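Single-structure report; data block below.
What follows is calculated from the coordinates using simple rules that are stated; it is not laboratory data. Given the structure is predicted, the values throughout are model-derived calculations rather than measurements. Methodologically, a virtual Cβ is constructed for each residue, glycine included, from the backbone with ideal geometry; neighbour enumeration extends over all protein chains shown.
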Amino acid sequence: MADKGWVGLARAASDVFGWVYFLAWSLSFYPQPLLNWRRKSTVGLTVDFPLLNVLGFVCYTLSTTAFYFNEEIRHQYAIRNPGGPVPTVRANDVAFAVHALFLCAITYTQFWSWLWGFERTPGKRASRITQGIFCGCITGLLLVGLVVVFLNQDARDPQAWAGIDIIYAASYVKLIVTCVKYVPQAFSNFKAKSTKGWAIGQILLDLLGGILSISQLLIDSSLESDWSGVTGNPAKFGLGNISIFFDLIFITQHYVLYKDDREETRPLLG
């Protein structure tokens, strides 16, 4: 009886954590485009960040929707993870991915000053490194897709190439993007010795969302009594941990290193 009570409590906690993380992470995408709109400018924000965000969330949306809705992918997952055959992707993961992709696309279009009536900022283009990463990720996905199509192996064999490998490749692209997308902005803040134009509110919400996302994943995996729920969902696990790491860097820049040069006259979530 005690075990059933514990399981019920854990499932309830997972649901609460999942939807609160969805809310926190979803809200974290609003401060930056709202700040840009208020200032009629994208000065202080590198184009690399929203560009990589769009790519990353296209891949994350593909990954979460496939694991949640596609029966063939879910079956292939069960074959490869017999100890925990149910993917640890929840409805809140799908909702977050789709919503985030929409907001990231909005933020990216704000660099088209003519579309929004913003102040023109000549020379706003992604760095060559970012362009290389973008093209490399697309190429990698295409290559994996070609391998799966042309080898056409038996998906019932856990070692064979199958459609799930395309989904995993998309997950890894999201992780790569998450690893590198923050670097140009952190370096830009460092060079300017300022966080002006960078909405810290999104980082505070991102940190909360990252902690709750990881917590939900760990709870769900423990309920399955198999930690393949973590290894089988690298996008969610990596996304949460990497985000937390960079969030702490930005918080340090904003509140410790460059606290005397903040744009706080009309704060918008920080």
Once you have the Cα-Cα distance between L142 and S127, take 0.36 nm times their residue separation minus that, and quote the gain in nm to one decimal.
3.1 nm
Return the equivalent ellipsoid semi-axes of the range 96-196 as a descending list in whole Å, where each equals the square root of 5 times an eigenvalue of the C-alpha gyration tensor.
36, 16, 13
Any number yet on Rg/Rh for the range 194-251, C-alpha, Kirkwood?
1.12
Debye log10 I(q)/I(0) at q = 0.09, 0.16 Å⁻¹ for the chain, Cα point scatterers
-0.46, -1.21
Averaged over all viewing directions, the convex hull of the alpha carbons in the range 106-152 casts a projected area in nm² of 4.7
Two-site label geometry, H75 and A12: point separation in nm, points 7 Å out along Cα→Cβ:
3.8
Checking understanding here: applying a Kyte-Doolittle mean of at least 1.6 and a length along the axis of at least 24 Å (C-alpha), which whole DSSP H helices in the chain pass?
128-151
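How large is the helix-only mean residue ellipticity at 222 nm for the chain, computed as the sum of -39500 (n - 2.57) over DSSP H runs with n ≥ 4, divided by its residue count, in deg cm²/dmol to the nearest 500?
Numbers: 11 runs with 191 residues, N = 270.
Rounded to the nearest 500, the figure is -24000 deg cm²/dmol.
To the nearest 20 debye, what is the magnitude of the charge dipole of the chain about its Cα centre, counting +1 on the Cβ of each Lys and Arg and -1 on the Cβ of each Asp and Glu? Write down the numbers at each step before the final one.
Numbers: 22 positive and 19 negative charges, 229 e Å.
That gives the chain a dipole magnitude of about 1100 debye.
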If I histogram all Cα-Cα distances within the range 1-97 using bins 10 Å wide from 0, what percent of pairs lands in each bin?
13, 29, 31, 17, 8, 2
Stretched fully, the stretch from K191 through C179 gains (0.36 nm per residue minus C-alpha distance, one decimal, in nm) 2.3 nm
Please give the peptides 213-220, 16-23, 127-134, 73-80 ranked by average Cβ packing (other Cβ atoms within 10 Å per residue), highest first, as a rough proxy for protection.
213-220, 16-23, 73-80, 127-134
